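Visitor: The structure's right below; bear with me while I get my questions together.
The values are calculated or read from the model by the stated rules, or taken from the named source; none is laboratory data. In this text, all values refer to a predicted model and were calculated from it rather than measured experimentally. Cβ coordinates were reconstructed from backbone atoms using ideal geometry, including for glycine residues, and neighbour counts include every protein chain displayed.
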Amino acid sequence: MTRDLFRSQLASYAAVHRDRRNKATHFVGIPVIVFSLLLLLTLWHAALPIAIVAVVGWLALDLGIGLVMAVLMAAAWAAAEALAARLGTPAAVWTAFGALFVGGWILQFLGHHYEGKRPALLDNIFQAFIGPMFLVAEALVAAGRRPDLARAMGESGVTAR
């Protein structure tokens, strides 16, 4: 059931992420947004528990993508903790969070301007959880590693570029 849920959500997400410029802005914007949230959560020592919950959810939806997401989230969490320590004060962390979060969303909306379609999460908030998985799926499909996902994403002809 979770496999079917993931495939249908991935197909829905892919339908509004076809333009290469939109994809490019998302490959920067989504990681920046996720990192900004982890950075902010360091203030309450909640970054690691929240990251673990997200990874468990991603693993439940797709084991292969979930494992890649686990590695990426571990690196992002460590970087967020290191940056928060370097910034030193809650005010500095809030400022960095704000700049990163807003900057990431500007990239997202710029990409959707190119695409000419509204962001998927405006119709389904669960798409915010699928977005990071889409990036990994897109990379794996481009590398020829997940033809099953290429079909779900409507990109069966995609090969490494």
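Visitor: Looking only at the range 20-29, decide whether some residue is in contact (Cβ under 8 Å) with a residue 40 or more places away in the chain, crowded, with 20+ Cβ neighbours inside 10 Å, small (Gly, Ala, Ser) and part of a helix (DSSP H, G or I).
Guide: So far as the range 20-29 goes, yes, one or more of its residues are in contact (Cβ under 8 Å) with a residue 40 or more places away in the chain, crowded, with 20+ Cβ neighbours inside 10 Å, small (Gly, Ala, Ser) and part of a helix (DSSP H, G or I).
Visitor: Follow-up. Would you say Ala14 is under 18 Å from Ile125 (Cα atoms), in contact (Cβ under 8 Å) with a residue 60 or more places away in the chain and of a type in the set (A, V, I, L, M)?
Guide: yes
Visitor: Related question: Please verify whether Thr95 is more than 23 Å from Met153 (Cβ to Cβ), hydroxyl-bearing (Ser, Thr, Tyr) and surrounded by fewer than 19 Cβ atoms within 10 Å (Cβ to Cβ), treating the condition exactly as stated.
Guide: The answer is yes for Thr95.
Visitor: In the range 120-145, which residue that is surrounded by 21 or more Cβ atoms within 10 Å (Cβ to Cβ) and over 12 Å from the mean Cα position of the chain (by Cα) is modelled with the highest pLDDT?
Guide: Looking at residues that are surrounded by 21 or more Cβ atoms within 10 Å (Cβ to Cβ) and over 12 Å from the mean Cα position of the chain (by Cα), I get Val141.
Visitor: Out of (1) surrounded by fewer than 20 Cβ atoms within 10 Å (Cβ to Cβ); (2) in a helix (DSSP H, G or I); (3) at pLDDT below 85, the odd one out for Tyr13 is which?
Guide: (1)
Visitor: Something else now. Which residues, counting only those in the range 60-85, are farther than 13 Å from Pro132 by Cβ and either of a type in the set (Phe, Trp, Tyr) or surrounded by 13 or more Cβ atoms within 10 Å (Cβ to Cβ) (or both)?
Guide: Correct list: Ala60, Gly64, Leu67, Ala74, Trp77, Ala78, Ala79, Ala80, Glu81, Leu83, Ala84.
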